[in-house]
Amino acid sequence: MNMKTKIYILLCCVIALAGCDYDNYEAPKSQLSGRIVYDEESVGLRQTGTGQDYNVLELYQPGFEGTAPIPVYVAQDGSFSAMLFDGTYRMVAKNGSGPWVDSGTELWFDVRGNTVVDFPVTPYYVIRDARFNTGDGKLTVSFRIDRGAFTLINGKPDALLESIALYINNTQFVDDATFRKKVDAASLTLGSQSITVNLQDAELQKYSVLYARIGVGTQGVTPKIYTPGSVRVK
């Protein structure tokens, strides 16, 4: 065996050992889970489009400020989860990322094994008591719109409402970017509302499965708030 062959074998052994060390590096084993909430109720969000559309929370570890934040992706029902190493963390909402006031809220908590943490927000508007009723080939959704963050503005309690709509899609992922049919509410007002749609019309009858949810938009705020998750209506 010549010298070049010996050097080659030695290098291969070093690389193989380094690879073993890398493969044996311990992965995070503690699961952080929780919800984005208002008044202890889940806040429904958009979950389609690019990852940035639903990367609305970020985690930081003290002592690691020089590293990038850990992104937290939130599902359309307001829930989230991430695998982490045990330690102390700070959670924040990205500015402009949700249909709520950017209040600068920070949550500090320790992760020691599986940990549950809910992140509180104050939406501009909230959707309450949504009921999805089907019959005779129609879907009727009744619900109530309440104000979250705003007080009266110039005596007009609903001046900042931009949209109220029912979104329907043939998958469980439904929002203003992913839908087969959108039906706007008759008026932009607070309080009780209802929207009815014919599930037998040409746009929808060809689908064997349909899901629905309500979305509400605020003037000057890109993200909408939705009923948490989606409801199968066909």
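The values are calculated or read from the model by the stated rules, or taken from the named source; none is laboratory data. What you are looking at is a predicted structure, and each value in this text was computed from that prediction instead of being measured. Neighbour counts are summed over all protein chains in view; Cβ atoms, including those assigned to glycine, are modelled from backbone coordinates with ideal geometry. Surface areas here come from the heavy atoms of the whole protein model, side chains and all, with no ligands, DNA or RNA. Shrake-Rupley method; radii C 1.70, N 1.55, O 1.52, S 1.80 Å.
Some observations on this one:
- Residue 29 paired with residue 140, simple spin-label distance in nm, labels 7 Å along Cα-to-beta-carbon: 5.6
- Highest-first packing order for the peptide set 198-205, 114-121 is 114-121, 198-205, based on the mean count of other beta carbon atoms within 10 Å.
- Candidate residues 164, 127: accessible-area rank, largest first, probe 1.4 Å: 127, 164
- Tail beyond 14 Å, pair distance distribution of region 173-220 (Cα, percent): 58
- Counted charge near residue 144, where neighbours are those whose Cβ lies closer than 9 Å (Asp, Glu -1; Lys, Arg +1): -1
- Counting charges near residue 168 (Lys, Arg +1; Asp, Glu -1) among other residues having Cβ under 14 Å from its Cβ returns a value of +3.
- Pairs from 138/182; 181/224; 94/182; 94/234 whose Cα-Cα separation, in the structure shown, is over 25 Å: 94/182; 94/234
- Kirkwood Rh, angstrom, region 128-224 [1 / mean 1/r, Cα pairs]: 14.4
- Which of 35, 232 is most accessible, then next, and so on - probe 1.4 Å: 232, 35
- Overall form of region 97-148 per C-alpha gyration tensor (a/c, 1.5; a/b vs b/c): oblate
- Each of 83, 91 has its accessible area taken with a 1.4 Å probe; listed largest first, they run 83, 91.
- Unit charges at the beta carbon, dipole of region 93-141: most positive-side option, 115, 104, 134: 134
- Backbone amide hydrogens, once placed in the peptide plane, bring residue 125 within less than 5 Å of 148, 149, excluding anything fewer than 5 places away on its chain.
- Each principal axis of region 63-155 carries a Cα extent, and these read 58, 41, 19 Å when sorted largest first.
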